[in-house]
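Below: the structure, in structure tokens.
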Amino acid sequence: MRTTPPSHLGSLREGIALLRRHPGLTLGLAVLAMALAQLGPALELAAKAGRDPLLQPLFGAVGLLPLEMYFLPRLQARLDAERLDSPLNRLEDWTRTFDARWLLTFGVRMLVSAVVGVGLVVFILPGILLLTLFGWAPMRVLLRGDRVMEAFRWSQSAMARHWPRVVQAVLAMVLVLLVYQAASGYALGRFVPSLASETGADAWLRLKHPAFWILGFTGGLLNLWLTASLLALFHRLEAAVQASSESLSR
């Protein structure tokens with residue numbers, strides 16, 4: 001009798017456990033995320049962009065680029081080495097391994113984001129499908145040293161077999177993000193009603209008011225949790241792929 005594979009929802013809890021290994025580092029990265037989140041409004045003021053809601057996400061993304069490009073992947077590489085000590089990412093030299101891979105990883109991530117973005121613009125379903133099939137490619141490049149096409153093939157093959165449990169866990173993470181966004185929006189409107197109509201519009205107000213710094217810090221913590229939880233989910237997916245390969249070889 002075939003047994004139903006266990007859920008991957010435990011990766012959400014494992015993400016918290018991974019961050020608890022380094023409370024000081026986690027706090028420091030959250031503070032960095034808070035500061036970088038305020039770099040977006042500062043860039044808006046420097047560029048004299050005015051109150052253009054279309055430019056705000058662009059400046060915000062530029063501000064957070066160092067975090068997404070370097071610091072979060074570095075955290076994943078460290079936690080992966082500590083947890084698994086894989087031959088492809090040894091604990092004793094994970095820093096050298098990361099330095100050799102992070103730039104290519106960022107390039108692959110930008111490629112995936114661009115392709116998925118085009119898919120979402122053309123029609124929503126192709127973008128979601130592309131992200132589902134190839135979303136793990138950057139992590140394979142970073143943590144296992146795959147070449148670009150090898151990483152895409154591994155991600156596609158793994159998700160073709162194991163996508164239901166992985167998608168379930170990712171949707172749970174998305175639900176947490178949506179709840180946070182709703183709660184932070186409600187809190188901003190409830191406790192700082194004068195800011196509710198200005199959120200995302202006035203760069204100087206967002207730069208100087210403590211409420212937005214607090215949101216930057218809590219959002220940074222949430223981003224760190226998501227980063228660690230995706231790593232835990234990636235480990236589960238790797239284990240499932242290995243178990244499937246072993247069962248087929250028997």
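A few points about this structure:
- In the range 105-136, the residues that are among the hydrophobic types (A, V, I, L, M, F, W, C), buried (at least 17 other Cβ atoms within 10 Å of the Cβ) and more than 23 Å from Ser11 (Cβ to Cβ): Phe106
- Considering Leu142, Leu79, Leu103, Leu64, the condition of being at pLDDT 95 or above, closer than 21 Å to Gly220 by Cα and assigned to a helix (DSSP H, G or I) is satisfied by Leu79 alone.
- Of all residues making up the range 145-166, the number that are small (Gly, Ala, Ser) and either at pLDDT below 95 or open to solvent by 50 Å² or more (accessible area, probe 1.4 Å) (or both): 2
- Residues satisfying the stated conditions in the range 23-60, i.e. open to solvent by 60 Å² or more (accessible area, probe 1.4 Å) and modelled with pLDDT of 90 or more: Pro23, Leu25, Leu27, Val31, Leu39
- If you go through the range 134-164 and keep only what is β-branched (Val, Ile, Thr) and out of contact with any Asp or Glu (no Cβ under 9 Å at 6 or more places or on another chain), you end up with just Val148.
- Residue check for Ala182: small (Gly, Ala, Ser), out of contact with any His (no Cβ under 7 Å at 6 or more places or on another chain), more than 28 Å from Arg13 (Cα to Cα) and surrounded by fewer than 13 Cβ atoms within 10 Å (Cβ to Cβ): no
- Pair list, Cβ < 8 Å and 6+ apart or interchain, from the range 233-244 residues that are farther than 13 Å from Trp154 by Cα to residues that are of a type in the set (Asp, Glu): His235/Asp80
- Summed over the range 69-93, residues that are closer than 15 Å to Val141 by Cβ and either in contact (Cβ under 8 Å) with a residue 60 or more places away in the chain or not basic (Lys, Arg) (or both) total 10.
- All positions within the range 86-100 that are of a type outside the set (A, V, I, L, M) and either open to solvent by 60 Å² or more (accessible area, probe 1.4 Å) or assigned to a helix (DSSP H, G or I) (or both): Pro87, Arg90, Glu92, Asp93, Trp94, Thr95, Arg96, Thr97, Phe98, Asp99
- The residues of the range 185-202 that are surrounded by 15 or more Cβ atoms within 10 Å (Cβ to Cβ) and at pLDDT 80 or above amount to a single one, Leu188.
- If you go through the range 213-245 and keep only what is within 18 Å of Leu64 (Cα to Cα) and open to solvent by less than 20 Å² (accessible area, probe 1.4 Å), you end up with Gly216, Gly220, Leu224, Thr227, Ala228.
- Condition met for Phe106 (closer than 22 Å to Ala30 by Cβ, of a type in the set (Phe, Trp, Tyr) and touching a residue at least 40 places away in the same chain (Cβ under 8 Å)): no
- The single condition from (1) of a type in the set (Gly, Ala, Ser); (2) without any contact (Cβ under 8 Å) to a residue 12 or more places away in the chain; (3) in contact with a helix residue (DSSP H, G or I) (Cβ under 9 Å, 6 or more places away or on another chain) that Ala137 fails is (2).
The values are calculated or read from the model by the stated rules, or taken from the named source; none is laboratory data. Everything numeric here is computed off the predicted structure, so don't read it as measured data. Here Cβ is always computed from backbone atoms with ideal geometry, including for glycine, and neighbour counts include all displayed protein chains. For accessibility, only protein heavy atoms count, side chains too; no ligands or nucleic acids. Shrake-Rupley method; radii C 1.70, N 1.55, O 1.52, S 1.80 Å.
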